[in-house]
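Reviewing the structure listed below.
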Amino acid sequence: MQKSVSDKGSGYNFRNNITIDWCPGCGDFGIVSAVTQALSAMKMDPQDVVAVSGIGCSGKTPHYLNIAGTHTLHGRAIPYAVGVKLANPNLNVLVMGGDGDLLSIGAGHFVGEGRRNSGVKVLLYNNSVYGLTKGQAAPTLPLGEKVKSLPRPNILGKINPITLAMASGYSFVARAFSSEIKQLSELIQRAIKHEGSAVIEVLQPCPTYNDVNTLDWYRQRVYKLEDDKSWDPVVNSKEEDEAKFDRGYRKSMEWGDHIPIGVFYENNTIPSYTKRLAGVIPDYLKYPPALQDVSDKDGYTIVDPIKTFSENDIEL
Ligand code: SF4
């Protein structure tokens, strides 16, 4: 299904006169709106932001934004994004992937990035189905649930993206709802300001293939963690980590009639991977690979791999 959108606005939003390949009512529209609102609110130079996606309906997002972006391979958005971040740590790198992309074929990369904490921000679009390929059960569809695209109820159990992200070591973990655009925009801004890697799971309707987890279904259930004034997920010292991690982890398992959205866990004490690299590679942050000269004024390469290998005691 296609819908033509001609956006007369400027900034990061939909490129002018582009054909948007998302169905009417898809939660993806709300996510893009929140991303553009967040980048505009932060007055971010488009040259400082990169969007990286995998395969799926969500994978089209970088095509629709006025920022640099790459539509990569199935499940490979995170390692590609980490490569961008390590090549130039000054960039703000956003990963846009679906639950089917990041939690099935990309699950190993999802877990690995939690350990690394390189500073990429993962927006995990969760509609519980593989929308691009006609609505098969995605890893977040609960056991026994039957959406209209399935011939029989799902016979696999579901992954909880929040508990997986926390167990993997992500230092910022949150959940949002695609129709709560203001809150999602604020969460994206907070994640971008956070030094380490972040995961924001975004619950979203897929009106074409998921007739169970609909817009109204979510509207009747989501509630904001921040409405509880005693909720404080921010860890600023190692001493308070255990209790806050435990509280966020337990809260992340709440599902059904009441679904919490907001920040579950934010740990500001874990150094980012780029800072750890700077500790072993002199001048890494000053001259990261993307800022190093690779050619002379006439365009000839000045890179000498044999010298580089020998200087670093690497045998060829
Ligand atoms: Fe959105 Fe579902 Fe349509 Fe994909 S198939 S664009 S997820 S509504």
Open item on the list: Need one number: % antiparallel among DSSP beta bridges in the stretch 2-276, to the nearest 5.
Closed with: 20 percent
Task: Around Pro139: net Lys/Arg minus Asp/Glu count, Cβ-Cβ under 14 Å - done: -3
Open item on the list: Quick check: pseudo-label points 7 Å beyond the Cα along Cα→Cβ at Arg115 and Ile302, how many nm apart are they?
Closed with: 3.7 nm
Task: Charged-residue dipole, Cβ positions (Lys, Arg, Asp, Glu), the chain about Cα centre, Debye nearest 20 - done: 780 debye
Open item on the list: On a full-extension model of 0.36 nm per residue, what is the gain between Gln220 and Glu240, subtracting their alpha-carbon distance, rounded to one decimal in nm?
Closed with: 3.8 nm
Task: Percentage relative contact order, the stretch 2-276, counting C-alpha pairs under 8 Å, at least six apart - done: 18 percent
Open item on the list: So for each of 124-132, 57-65, 231-239, 272-280 I average, over its residues, the number of other beta carbons within 10 Å; can you give me the resulting order with the highest mean first?
Closed with: 124-132, 57-65, 272-280, 231-239
- [ ] Send over the Kirkwood Rh of the chain, from the inverse of the averaged 1/r over different Cα pairs, rounded to one decimal Å.
- [x] 20.5 Å
- [ ] Any chance you could check the Cα centroid distance between the stretch 182-211 and the stretch 98-116 for me, in angstrom?
- [x] 16 Å
Open item on the list: Starting from the 7 Å offset along Cα-to-Cβ, what nm value, one decimal, do you get for the label separation of Gln47 and Ile259?
Closed with: 4.1 nm
- [ ] Sticking with the crude label model, points 7 Å out along Cα→Cβ, report the distance from Arg247 to Lys193 in nm, one decimal please.
- [x] 2.0 nm
Open item on the list: Of the candidates Lys85, Lys121, Lys297, which one comes out as most mobile in a Gaussian network treatment of the chain with C-alpha springs shorter than 10 Å?
Closed with: Lys297
Open item on the list: Quick query: amide H of Ile18 versus all other amide H atoms, modeled in the peptide plane; which residues come in under 5 Å with a sequence gap of 5 or more or a different chain?
Closed with: Val5, Asp7
Task: For Gly69, residues with placed amide H under 5 Å, excluding near neighbours - done: Ala51
TODO: Calculate the length of the line joining the C-alpha centroid of the stretch 47-89 to that of the stretch 267-291, in whole Å.
DONE: 21 Å
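Coordinate-derived values only; no laboratory data. Since we're looking at a predicted model, the values are computed, not measured. With ideal geometry, Cβ positions are generated from the backbone for all residues, glycine too; neighbour counts draw on all protein chains shown.
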